[in-house]
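What follows is a single structure, written as structure tokens, with notes after it.
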Amino acid sequence: MIHQYDEPVYLISIVAKILDIHPQTLRQYERENLICPSRSNGRIRLYSQRDIDKIKLILRLTRELGVNLAGVDIILRLKDNVDEMENEIAALRHEVQKSKNAYSVSPDKALVTKKSIYEMIIFE
């Protein structure tokens, strides 16, 4: 069975085993608000593939780059802001392109004018 990227399906023990970390580490990340797994009706933590990818990023930042959890929090917030701005820029570019296409005139009906540029040289 194939699950959606954001679908919460993994238990904390499975995620800990996949990432080779202790479940307490995952609980600490949640206490620090670095991750926010979904909860089942029985209050069991359920992680999505998106959560796992985010945890992998956190582990890379802490283990390989030596960033502390406060720094990780700042980095994740900045990353979210950049992602949001990139999406907004893409949407605006799409709107501009759509606007340009809406007002364009077909080549057979276009009027082409040529402007001339004059240069002035003054001799003494």
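Between the DSSP loop rule and a limit of at most 15 other Cβ atoms within 10 Å, which trypsin sites (Lys or Arg not before Pro) in segment 1-85 are left?
R43
Please report, in cubic angstrom per residue, the volume enclosed by the convex hull of the alpha-carbon atoms of segment 10-76.
78
For a test of understanding, tell me how many lysine pairs in segment 6-100 have Cα atoms under 25 Å apart, given they are 8 or more places apart or on different chains. Could you put the intermediate results ahead of the total?
Values: K17/K54; K17/K56; K54/K79; K56/K79.
Going through segment 6-100 pair by pair, I get 4.
Which ³J(HN,Hα) values in Hz, rounded to whole numbers, follow from the phi angles of segment 86-100 under the Karplus curve 6.51 cos²θ - 1.76 cosθ + 1.60, where θ = phi - 60° and Gly and Pro get x?
5, 5, 5, 5, 4, 5, 5, 4, 4, 5, 4, 4, 5, 5, 5
The numbers here are math on the coordinates, done by the rules we state, and not lab data. Here the structure is a predicted model, which is why all the values come from computation and not from measurement. Virtual Cβ from ideal backbone geometry, glycine too; neighbours counted across all protein chains shown.
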